[in-house]
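Asker: Input: one structure, supplied below.
The values are calculated or read from the model by the stated rules, or taken from the named source; none is laboratory data. This is a predicted model, so every value here is computed, not measured. Neighbour counts are summed over all protein chains in view; Cβ atoms, including those assigned to glycine, are modelled from backbone coordinates with ideal geometry. To get the accessible areas, we keep the full protein, side chains included, count just its heavy atoms, and leave off ligands, DNA and RNA. Shrake-Rupley method; radii C 1.70, N 1.55, O 1.52, S 1.80 Å.
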Amino acid sequence: AAAGAHAPERWRRAVAMAVPPISALASGFFDYDQLRRSFYMFLLPTPLGAPAVAANDMAFLDRLWADWSPGYDAAGDLAYVKACLREHANLTAAIGYYAAMFDPSRHVAAYAAEQESAGARGERPILYLHGRDDGCLAAALTEDVEAHLPPGSRAEVLPGAGHFLHLERPATVNTLIVEWLTT
């Protein structure tokens, strides 16, 4: 969504999944249950973040994915993720995203316009998809998501899908995306 808001001339339509616009999150993010789901955002930037993820063959990631996408067998996906994150520099970079999110001093000045666009509504229509069983960002956060999207946008909550809905329900997600982009 931020890419479309930043450079609308590059897009006719766009698709976003699993993370609603920042303005939509504001209404429910500080709910106790959502804060509990989002604990990782506050843990990862601390000195405990990297050791917590790395411990016990990255069991932290196994549990996180199980919570975020209940019922989905992520073993194959997690093997790739773990292989990438075993390199300390890669793990540090991945965790750095969360540190930068909460610390504007870590933002890169050259990307200030793009960063600002992350909070903008934009003008190109967006198909927003979210899994009903998302254990990372509750589906309840999407109740009024269309009000936070550009005119002509549409939102769908997919039953039987969690946070990684493109992996869990690929045929459905792909069909929705192709229909959206070709109409």
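Asker: Can you run down the residue pairs with Cβ atoms below 6 Å, 6 or more apart or on separate chains, where the first is in the range 51-73 and touching a residue at least 24 places away in the same chain (Cβ under 8 Å) and charged (D, E, K, R) and the partner is in a loop (DSSP other than H, G, I, E, B) and open to solvent by less than 70 Å² (accessible area, probe 1.4 Å)?
Answerer: Final answer for the pair search is 67/135.
Asker: Restricting attention to the range 48-104, which residues are among the basic types (Lys, Arg) and more than 16 Å from residue 163 (Cβ to Cβ)?
Answerer: Passing the criteria: 82, 86.
Asker: If you take the residues in the range 149-169 that are outside any loop (DSSP other than H, G, I, E, B) and over 14 Å from residue 15 (Cα atoms), which one is most open to solvent (accessible area, probe 1.4 Å)? Steps first, please.
Answerer: First, the residues of the range 149-169 that are outside any loop (DSSP other than H, G, I, E, B): 154-158, 165-168.
Subset that is over 14 Å from residue 15 (Cα atoms): 158, 167-168.
On the way: 158: 5, 167: 57, 168: 36 Å².
Only one residue tops the list, namely 167.
Asker: May I ask you to list the residues in the range 85-102 that are more than 19 Å from the chain's Cα centre (by Cα) and open to solvent by 80 Å² or more (accessible area, probe 1.4 Å)?
Answerer: Start the filter on the range 85-102 by keeping residues that are more than 19 Å from the chain's Cα centre (by Cα), which leaves 86-89.
The answer is 86, 87, 88.
Asker: Kindly indicate whether any position in the range 99-120 is farther than 26 Å from residue 61 by Cα and touching a Leu at 6+ places or on another chain (Cβ under 6 Å).
Answerer: No, that holds for no residue.
Asker: Let me ask you something else. So, in the range 74-92, of the ones that are free of Cβ contacts under 8 Å to residues at least 40 places away in the same chain and of a type in the set (A, V, I, L, M), which residue ends up farthest from residue 133 (Cα to Cα)?
Answerer: 89
Asker: Does any residue in the range 115-141 that is part of a strand (DSSP E or B) come within less than 6 Å, Cβ to Cβ, of a residue that is at pLDDT below 90 and of a type outside the set (Lys, Arg) six or more places away or on a different chain, and which pairs are these?
Answerer: Pairs found: 126/1.
Asker: Moving on. Determine whether residue 33 is in contact (Cβ under 8 Å) with a residue 60 or more places away in the chain, assigned to a helix (DSSP H, G or I), more than 17 Å from the chain's Cα centre (by Cα) and farther than 27 Å from residue 111 by Cβ.
Answerer: Numbers: in contact (Cβ under 8 Å) with a residue 60 or more places away in the chain: yes; assigned to a helix (DSSP H, G or I): yes; more than 17 Å from the chain's Cα centre (by Cα): yes; farther than 27 Å from residue 111 by Cβ: yes.
When the stated conditions are applied, residue 33 passes them.
Asker: May I pose another question? Would a scan of the range 170-181 turn up a residue that is crowded, with 20+ Cβ neighbours inside 10 Å, touching a helix residue (DSSP H, G or I) at 6+ places or on another chain (Cβ under 6 Å) and either at pLDDT 95 or above or part of a helix (DSSP H, G or I) (or both)?
Answerer: yes
Asker: Are any of the residues in the range 11-24 in a helix (DSSP H, G or I) and either crowded, with 16+ Cβ neighbours inside 10 Å or touching a Cys at 6+ places or on another chain (Cβ under 9 Å) (or both)?
Answerer: Checking the range 11-24: at least one residue is in a helix (DSSP H, G or I) and either crowded, with 16+ Cβ neighbours inside 10 Å or touching a Cys at 6+ places or on another chain (Cβ under 9 Å) (or both).
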